Amino acid sequence: MATAIDTLTINADTLSQHLATANSGLSALNTGLQTLASKSTQLTSGVSQLADGAGTLAAGTQALHTKGNSLTAGTTKLASGSSQLATGTQQLTTKNQHLTSGTAQVTAGLTTLAQQTPALKQGVTKLDTGANKLTSGLTTLATNGPRLTSGMQTILAGNQQATAGTRKLATGAESVTTGTAKVQTGNQKLATSLKKAGDRATVHPSQLTYRQFAKPTTTSHTERDDAPNNGTGMAPYMVSVSLFVGALAFNMMFDMYTPRKYPRSGVAWWTGKASIMGAFVLGEAILIISLLELIDGLAPVHAWATFVMILCTGAAFMAIVYWLNLVLGRPGAFFAMILMVLQLGGSAGTYPIQLSNGFFNAIHPWLPMTYSVNGLRETLMIGNTALPEMGMLLGVTVAFSGLAVLFYARRHGRISAMDFTDKVPGTQTKS
């Protein structure tokens, strides 16, 4: 018994020492808990600010706001629990008899708190990440909002067009139905008409019917040009060349400037010379048409029109060559020869003008011999009217005759009557 009491006493002393040590540790723990309690207010304030910031960030969505409120409530409960922990610590200090159980509970609570702290940090990190994603999503939604609105408007317009098209399609379907009915009616009428036509188209062939099928058409040939030989075809060209050569020869043999007596005016001076030229043109025209018909056997389609065409051609050529010699003298004869050479190649007398080069194609419409050749072809072989060609040649005759009259009118003032007083006719010279 005494030994047991001594052992119990020793153990009691040891327990008292341990309790003193525990009391000292609890005092340090109490100091730490008080410090934690004093910092709990700041922690609560910081958590409240965090909750306010989270609430501001998630103002656009009700779910995030609700979670922020829940986080704020949880933080408040944590602060309240910290206060309760401090109160319990004070009670633990005063009540040493409940120290062991209280210490165990505190140790368990702290352990639980330590274990849940990483989870809390992870939850807060996830909350921050989710808030950032929510903010990015809201920004993307705000950026693409106009596009979404435009797309919705486009879809609405397309739906309206589709509705209108559907209505038109329905109307067209009705029209197609009506048209199909009309076509069917028309087909029935066509079938009836074809049957009637088939009944009426009964053919009773004869030899005439067979000949019509064997030879349905006949051909008839009509010569546009009556040119029995090459001489007739070349006659318009050679007659034109002969008339131009005749004009050259006449102006080389006769003095067409010097008057036989003093002229009263330039017109009278020209009239005296024109009468001689007219007589020569008439004579050569009669001679050419007579020799061609009597000796060469030429048979014009329109004989009198051919004679008039020869007169117009001779007058035009005579007026041109006469004016060149009158104005330019001997060089005028040279230029007349050049004009004749150009007309030989550009009048299309021997072959179509389309076979010539560009130069002769260009001057072809401006050559008098072009119209004489065409006119004589009409009167000799073709038989159509030659009035346009006659009119062109008469216009050339009038134009160059007028130029000659102007020349005589200017020269008339340079001569006087005394130049013709004591001289033998035919010996006058130019003034």
Which ³J(HN,Hα) values, rounded to whole Hz and listed in residue order, are derived for the stretch 395-401 from phi using the Karplus coefficients 6.51, -1.76 and 1.60 in 6.51 cos²θ - 1.76 cosθ + 1.60 with θ = phi - 60°, glycine and proline given as x? x, 5, 4, 5, 5, 6, 5
Beyond a 31 Å Cα-Cα separation, which of these cross-linked pairs lie in this structure: 77/126; 168/196; 189/215? 168/196; 189/215
Could you work out how far apart the two model spin labels at residue 350 and residue 338 are, taking each label as a point 7 Å from the Cα in the direction of the beta carbon, and quote it in nm? 2.2
Between residue 149 and residue 170, what FRET efficiency follows from the Cβ-Cβ distance if R0 is 35 Å, with the result rounded to 0.05? 0.65
Each residue of the stretch 228-244 in order: what ³J(HN,Hα) in whole Hz does its phi give by Karplus 6.51 cos²θ - 1.76 cosθ + 1.60, θ = phi - 60°, with x for Gly and Pro? x, 8, 5, x, 5, x, 8, 4, x, 5, 5, 5, 5, 5, 4, 5, 5
Karplus-derived 3J(HN,Hα) from phi for the stretch 160-171 (6.51 cos²θ - 1.76 cosθ + 1.60, θ = phi - 60°), whole Hz, x at Gly and Pro, runs 5, 5, 4, 5, 5, x, 5, 5, 4, 4, 5, 5
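Any read-out appearing in this document is the output of simple, stated calculations on the displayed coordinates, not a laboratory observation. Predicted model, so just to flag it, every value in this text is computed and none were measured. Positions of Cβ are generated from backbone atoms using ideal geometry, with glycine treated the same way; all protein chains shown enter the neighbour counts.
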